[in-house]
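The values are calculated or read from the model by the stated rules, or taken from the named source; none is laboratory data. Please read these numbers as outputs of a predicted model, since none were measured by experiment. No Cβ is skipped: glycine too gets one built from the backbone with ideal geometry, and neighbour counts run over all protein chains shown.
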Amino acid sequence: MARRVQSNPRNRVESGSRRSSPRPVDWPARVQLVLKRDGSCRWLTDGQLCGSVERLEVDHIDDPTDHDLSNLRALCHEHHKLRTQAQITAGVRAYYTTRSRKRPDEPHPGLIKK
Ligand SMILES: [Zn+2]
């Protein structure tokens, strides 16, 4: 008797999303877990925890493609916005830095090709 093997839905990712990295299908469950675990905004300003419980969102601490609970934390809307903007700025800067470093040496325009 042959049974068709069902693919594990936890390993499937959403398609057609406009996000830069796809979220796992159990993303909403992870959000709930993180918000329940952290309970308040984890943002630190000079060692002071924000601690806000208003409009909490889930932030990726390090790698934005790593959706492991250890890489996720709760942030209030304001701090998440601040954080996301900083990540975008850093990403754009990294893009240009990498490009200029990788740019091949162009031959001198005065050189005559043989
Ligand atoms: Zn906050």
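Exactly one residue out of T65, T89 is under 21 Å from the mean Cα position of the chain (by Cα) and either free of Cβ contacts under 8 Å to residues at least 12 places away in the same chain or part of a helix (DSSP H, G or I) (or both), and it is T89. Output yes when any residue across the range 32-47 is of a type in the set (V, I, T), at pLDDT 95 or above and away from the ligand (no atom under 13 Å from the Cβ), and no when none is. Yes, that holds for at least one residue.
So, H80, is that one free of Cβ contacts under 8 Å to residues at least 60 places away in the same chain, surrounded by 11 or more Cβ atoms within 10 Å (Cβ to Cβ) and assigned to a loop (DSSP other than H, G, I, E, B) or not? It would help to see each step written out before you state the result.
On the way: free of Cβ contacts under 8 Å to residues at least 60 places away in the same chain: yes; surrounded by 11 or more Cβ atoms within 10 Å (Cβ to Cβ): yes; assigned to a loop (DSSP other than H, G, I, E, B): no.
No, not satisfied.
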